[in-house]
Structure formats: structure tokens, C-alpha cells
Amino acid sequence: MDGSHVNTKTVAEHLVDYLEQRDIKHIFGLCGHTNIAVLAALAESPIEFVNVRHEQIASHAADGYARVTGRASVVLSHLSPGLTNCATGVANAALDCIPMVVIAGDIPTHYYGKHPHQEVNLHADAAQYEIYRPFVKRAWRVDRADLMAEILEKAFHLAESGQPGPVLVNVPMDIFSEVIDGSTFDRVTQNTRALLKPSLDDETARKIISRLAKAENPVAYVGGGILLAKASEELRELVDHMGLPVAHSLMGKGALRDDHPLVMGMTGFWGTELVNQTCLNADYILAIGTRFKEADCSSWYPGYTFNIGGKDDKTKVIHIDIEPSEIGRNYPTEIGAVADAKNALRVLARVAREMYPDGFRRPGLAQKIANFRSAFKASNVANQTSDAFPMMPERILADTRAALPDDAIITTDVGWNKNGVGQQFDILTPGSILTPGGFATMGFGPPSAIGAKTAAPERVVLSLVGDGGFGQNPAMLATAVEQGLGIIWLVMNNNAFGTIAGLQKAHYGLTYGTLHPGEAGAPEFGPDYAVIARAYGADGVKIESAEQLKPALEAAIASGRPTVLDVAMINNPTPTTGHWNILDIYSPDEDVSHVAT
């Protein structure tokens, strides 16, 4: 920006200049009369506007994009119905700590209090931005054009710093169109683009390493914070040197390769006996980048996943997290440290090498993990190789893993494709699985794949999704076709909201409102998603036998085209070894969970 631009550019044009200087490459969104000034400014910009048919698609796609790039993504929304359509995807990003800047158009400032077209105004005027207050890190309403630059700068810094998350910049449409000089935008260009993140001091690191070294049964318990901080290599160095077995939360899956000899797996309700029992027996748990959330901790019931905090419990916790409020929230903590996971692990690994140059070897533990893996995989072989059709979910996952390259990006949704993947599907490249954790949002997986493929066009991207999740927003196919994104959507189709059906059947003996029964003349497994795909211009394949899946997957990968594979699946429940409090609410004093429907 230079002096020739003084008093000749609108706020919308300055906004686009600012985003270019921040090296923003893509914006996800949908048009409306409040934001077309921004779209007009984008028309001549190198930034690509990724057009969608529904705002929830935009926010989920931006979520996936941010997870892959590690930087704040940008969403452009219209007012009221546009902003509320967008809200579910933004809230999903918030609960999974994904950085995002949502820029929303709003009513003109001179119509405050007059209740103009589309304004949310039943109980408050000019308060649209407050809809997002419960879940974004900050919501700004831009009341003066000269404040736009300062607010944008704060928005990006806040979204990406500390515990990351989405923010909202709400802009009345007349402010977008106001002509201002560039002085306020010139000023923020002098600011740092990223804030330095906190680390551990050596004294604290020595205390932590000393306790782990003296522990009889230490465990490293890692969460999604490892992936947000891009700290997988630092984690590997520490656990290899200290010989620490690794348990992870759902969001921590893929923090290390699943075939690493010290990785035990996911904890909690859908965890395995090995990982839950090892955590129960731990004397020290080094928790990094995790919130100890309900499903990962068997609803915090003692005796299932963790024994922490009871009078006779011997497990002590060392908790490192970027957000102070997460430390000690659910379990008492002996050492709590506020630090970036990557920086902290780098210091811990260095101090560990200094204090214990020879490191620690636990060959018995590594063999125990290897033996359990072999036995667990052997117990699944029958289902993984079954020719039954509709297909066994275990075979769908096994054939998918075999067909994909190690660095493929997988998005999941809810149900077998999330819980079964967390338990049984090997992730072989850290950070290559995108899962809706905190919100467990049905419909996240298909559009988040659009964001992932946009961010990493050279990688194979596959969305594992149930028919319930795929049916939420099939219009994302239009965006994939228009953008030329060769994504594969594998629909694990049980013609039901399967996990809930199994839960209701177990506790109430019926499946009311959870299945999609076919009517006379209708397909047995509901809509034909392959036909729907072809209607949007994508490829669509309806799998007719178990042996067809793997070749169809390989052909879809080779084609480089957007492809939907509709795969009929038996609705068997995901095996569980942990606990979930809702089971006690539905069936007190009974040992019952999910059943096949």
C-alpha cells in the first residue's frame, strides 16, 4: 500500500489487501447483499474465493483447511441466516481449538433500531455478533471504518495464539463500502505476524524428567494439542529416549504413527483393554495438550480408564497445556505448566538427554504392546476378511487402509467412521486424520475434506462418513466439482443413525426415530448416493459386493476425480471397554451399552 491509494479505496478493498499481505490464499463462503463489496474486491485478487451452497459447508471446509495448514482460515458470511447457518461449523472449530477468522456482513449502521431486512432483532438491535459470543474467542462489531485494520489484526492474533480458536469480525455493510485512507492499515503492517509461544524453563523440565525417570509405570497421555502445535517429532524424541508408553485421546490420534512400538492407542469408552488398563496402573501420567474430556476418560469414573484424585489413588499427573484453565479442570495435578507443546517437548527432550544420556529401555513393555496388537488384530480378522454384504464395518476400514497411501488425509464424521477409526484404523502420518471431537458434529467430514484437499491438493483425501453425516450437506459436491477437487467420499451406509439406533435398542428395545425404513419401491439402503454424486457432476459408484470395494477405491484414487462410493454396511456396534455415564442414566445397575440393529 502506498500514498497513491489514499482516499481511493473502500474498507472492503483495504480488507482484501490486508488478507493478501497475510498470505491468505483461500476464503470460504457464500454471497449475500451485505458482503458483495468484499466479493467485488476479491474479483481481481490472487486470493481464491471458494464458493459453497450452504454456509455450514464453508465453516467446516475452513476448519479442515486450518487443520492442514496450521494457520487461521477465513470465512466470509452474510448476515442473520447466513451467519446462523455458519454457526455449527464455527462452534465445531471452537471446541476443537481450530483457528478461524469469520468475517460477516451486517445491516447498515444507519438502520440500527429500524428492524431492516433479515436482521435478527426480536430482543436486541444491532446485536447480531452476540449470537457467536458463547463459542468464539472474541466477537467484534466494527462500528467505525477507521477501526477495521486494528480489529482485523487483533482477530488474527487472537485466533492463532494461546489455545487457538475462531473469532468473529462483524461488519455493517455500509462500513465495507466506506472510502478511507490507508493510514490505519499501513500502521498494522509494521506489527509482528505471529506471537512467540511460551516454553518451559530448565528447572521445571528437570523436575518433570526426574519424576518420570523414578516412576515405575509412567505413561505419556497426549491430545490434539500435539497436532495443533505440529509437535509430533518432538514427542517422538522424548518418548523414545524415556521409553514412555503413549496413550492418546480421540483428538490425539495420529500424534505419533500408530505402528510406533510404544503407541498403545486411544483411551476411554472406545479404547482398548491394553490402553485403559495401563493408564489405570500408571503412577505418573505426563499429559500434554489434552483436556481429559469425558469420552476419553470413561466419564471420569474411577476403575475404567484413570484412577486419579481419589484418596487411595497413586496416579499423579503432570499436565502441560497452552491454556491455563485446562490444567486441573478434571483431575488434580501435581505439576501444571503453561507452555506450547512443541516448545515444551523440545526442552524436555534436551533435558532428558542431559540428565539421563543412556535413556530408558522397557523391552518388556514394548513386547506387551506388540503382543496385544497382534492379538487384537487377530480377533478382528474374521470381520476384516468377511465376504458378507452388506459389508462388515471392520472390512470397510481394513480395505480402505490397504488402498490408501500412508500420507493420505482422512476425515471422519460420527459413528463407526469416527469411533471405529479411532480404535482400529492405523494412522501412519502424524496429523493426517481430521475428526470432530468436542462437538462430534454430524456432517463435519464431507465438507472438511474440501478444505483439506484445497490446502493439500497433492495428497489423497478421503472422507469416511456414515449415510447420516453425508446426508447433512450433499451440496458440498457442487463445490468439489467446480473446484476440481479429487476427493473420495466413502459412505458407510447402514441406512440409519446407527450408533444411536444401537444405543436405543440396548436400553429401550426399539429403534424409533433412528432408522430410515425403505418404503415400497424405495432402495433398501435409502437414497442412492452414487446417483446423487453423478447428478452433481462427480463420479458415483454403488458397491454391490464386498470384493468390489478395494478395487473401486484404487480406481477412484487413480482417477483424480471427485468420487462417491456408496457402501452398504451392517450396523454392528463399535466394541467398547470403557464406560459412558449415559449408560447409567438409561439403565442404572445394568451392564449394557450398544447392540446390533
Item to check | Hey, Ile98 of a type in the set (A, V, I, L, M), part of a loop (DSSP other than H, G, I, E, B), at pLDDT 95 or above and outside the structural domain of Gly223 (by TED's automatic domain parsing) or not | outcome: yes
Checklist entry - Are any residues in the range 247-270 over 16 Å from Lys230 (Cβ atoms), aliphatic (A, V, I, L, M), assigned to a loop (DSSP other than H, G, I, E, B) and more than 16 Å from the chain's Cα centre (by Cα), and if so, which ones? => result Leu262
Checklist entry - Looking at the range 320-335, which of the residues that are over 16 Å from Ala220 (Cβ atoms) and free of Cβ contacts under 8 Å to residues at least 40 places away in the same chain is surrounded by the fewest Cβ atoms within 10 Å (Cβ to Cβ)? => result Ser325
Next on the checklist: Please go through the range 169-197 and give me each residue that is over 14 Å from Ala149 (Cα atoms), crowded, with 17+ Cβ neighbours inside 10 Å and among the aliphatic types (A, V, I, L, M), ordered by number.
Outcome noted: Met173
Checklist entry - Taking the range 52-73 as the region of interest, how many residues are crowded, with 24+ Cβ neighbours inside 10 Å and either within 20 Å of Gly162 (Cα to Cα) or assigned by TED's automatic domain parsing to the domain that holds Pro446 (or both)? => result 8
Checklist outcome for this item: Checked Gly578, Gly540 against criteria (small (Gly, Ala, Ser) and assigned to a loop (DSSP other than H, G, I, E, B)); the one match is Gly578
Item to check | Ala596 in contact with a helix residue (DSSP H, G or I) (Cβ under 9 Å, 6 or more places away or on another chain), in a helix (DSSP H, G or I) and either closer than 24 Å to Lys418 by Cβ or not aromatic (Phe, Trp, Tyr) (or both) | outcome: no
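For every residue, the table says whether it meets (1) buried (at least 22 other Cβ atoms within 10 Å of the Cβ); (2) of a type outside the set (Gly, Ala, Ser); (3) under 22 Å from the mean Cα position of the chain (by Cα).
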position	(1), (2), (3)
Cys97	yes, yes, yes
Val101	yes, yes, yes
Pro108	no, yes, no
Gln118	no, yes, no
Ala126	no, no, no
Tyr132	yes, yes, yes
Lys137	no, yes, yes
Leu158	no, yes, yes
Gln163	no, yes, yes
Next on the checklist: Condition (residue is within 24 Å of Val421 (Cα to Cα), part of a loop (DSSP other than H, G, I, E, B) and touching a Pro at 6+ places or on another chain (Cβ under 6 Å)) applied to the range 548-571: is it met by at least one residue?
Outcome noted: yes
Checklist outcome for this item: Note on Arg206: of the conditions (1) assigned by TED's automatic domain parsing to the domain that holds Ile318; (2) in contact with a helix residue (DSSP H, G or I) (Cβ under 8 Å, 6 or more places away or on another chain); (3) outside any helix (DSSP H, G or I); (4) among the basic types (Lys, Arg), unmet is (3)
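Which of the residues belonging to the range 173-200 are β-branched (Val, Ile, Thr), farther than 27 Å from Gly70 by Cβ and assigned to a helix (DSSP H, G or I)?
Ile175, Thr184
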Next on the checklist: What's the number of the only condition in (1) within 20 Å of the chain's Cα centre (by Cα); (2) in contact (Cβ under 8 Å) with a residue 60 or more places away in the chain that Ala506 fails to meet?
Outcome noted: (1)
Checklist outcome for this item: Listed by range, helices (runs of 4 or more DSSP H) wholly within the range 359-477 having at least 2 residues that are modelled with pLDDT of 95 or more are 363-384, 393-403, 445-455, 467-470
Next on the checklist: Test of understanding: among Tyr221, Tyr132, which residue is of a type in the set (Ser, Thr, Tyr) and under 24 Å from Ile36 (Cβ atoms)?
Outcome noted: Tyr132
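For every residue, the table says whether it meets (1) out of contact with any Lys or Arg (no Cβ under 6 Å at 6 or more places or on another chain); (2) part of a loop (DSSP other than H, G, I, E, B).
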residue: Ile131; (1), (2): yes, no
residue: Pro134; (1), (2): yes, yes
residue: Asp143; (1), (2): yes, yes
residue: Ala149; (1), (2): yes, no
residue: Lys154; (1), (2): yes, no
residue: His157; (1), (2): yes, no
residue: Val167; (1), (2): no, no
residue: Val171; (1), (2): yes, no
Next on the checklist: Considering only the range 296-303, I want to know if a residue exists there that is surrounded by fewer than 16 Cβ atoms within 10 Å (Cβ to Cβ), under 22 Å from the mean Cα position of the chain (by Cα), at pLDDT 95 or above and farther than 23 Å from His260 by Cα.
Outcome noted: no
Checklist entry - Are there any pairs, at least 6 apart or on different chains, whose C-beta atoms fall under 6 Å, with the first in the range 337-359 and within 8 Å of Ile320 (Cα to Cα) and the second of a type in the set (Phe, Trp, Tyr), and if so, which? => result none
Next on the checklist: Quick check on the range 321-340. Is at least one of its residues assigned to a helix (DSSP H, G or I) and among the hydrophobic types (A, V, I, L, M, F, W, C)?
Outcome noted: no
Checklist entry - For the range 209-227, what are the residues that are small (Gly, Ala, Ser), outside any helix (DSSP H, G or I) and surrounded by 24 or more Cβ atoms within 10 Å (Cβ to Cβ)? => result Ala220, Gly223
Checklist entry - For Ser448, are the conditions met, namely being farther than 23 Å from Phe135 by Cα, crowded, with 24+ Cβ neighbours inside 10 Å and either in contact with a His (Cβ under 7 Å, 6 or more places away or on another chain) or small (Gly, Ala, Ser) (or both)? => result no
Next on the checklist: Take the residues in the range 274-320 that are polar (S, T, N, Q) and part of a loop (DSSP other than H, G, I, E, B); name whichever of them is nearest to Gln423 (Cα to Cα).
Outcome noted: Thr305
Checklist outcome for this item: Of the residues in the range 414-444 that are of a type in the set (Gly, Ala, Ser) and closer than 12 Å to Arg67 by Cβ, the one that is surrounded by the fewest Cβ atoms within 10 Å (Cβ to Cβ) is Gly431
Checklist entry - If you go through the range 388-399 one residue at a time, do you hit one that is outside the structural domain of Met492 (by TED's automatic domain parsing), buried (at least 18 other Cβ atoms within 10 Å of the Cβ) and over 27 Å from the mean Cα position of the chain (by Cα)? => result no
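The values are calculated or read from the model by the stated rules, or taken from the named source; none is laboratory data. All values reported here derive from a predicted model rather than from experimental measurement. For neighbour counting, all protein chains shown are included, and Cβ atoms are generated from backbone atoms with ideal geometry for every residue, glycine included.
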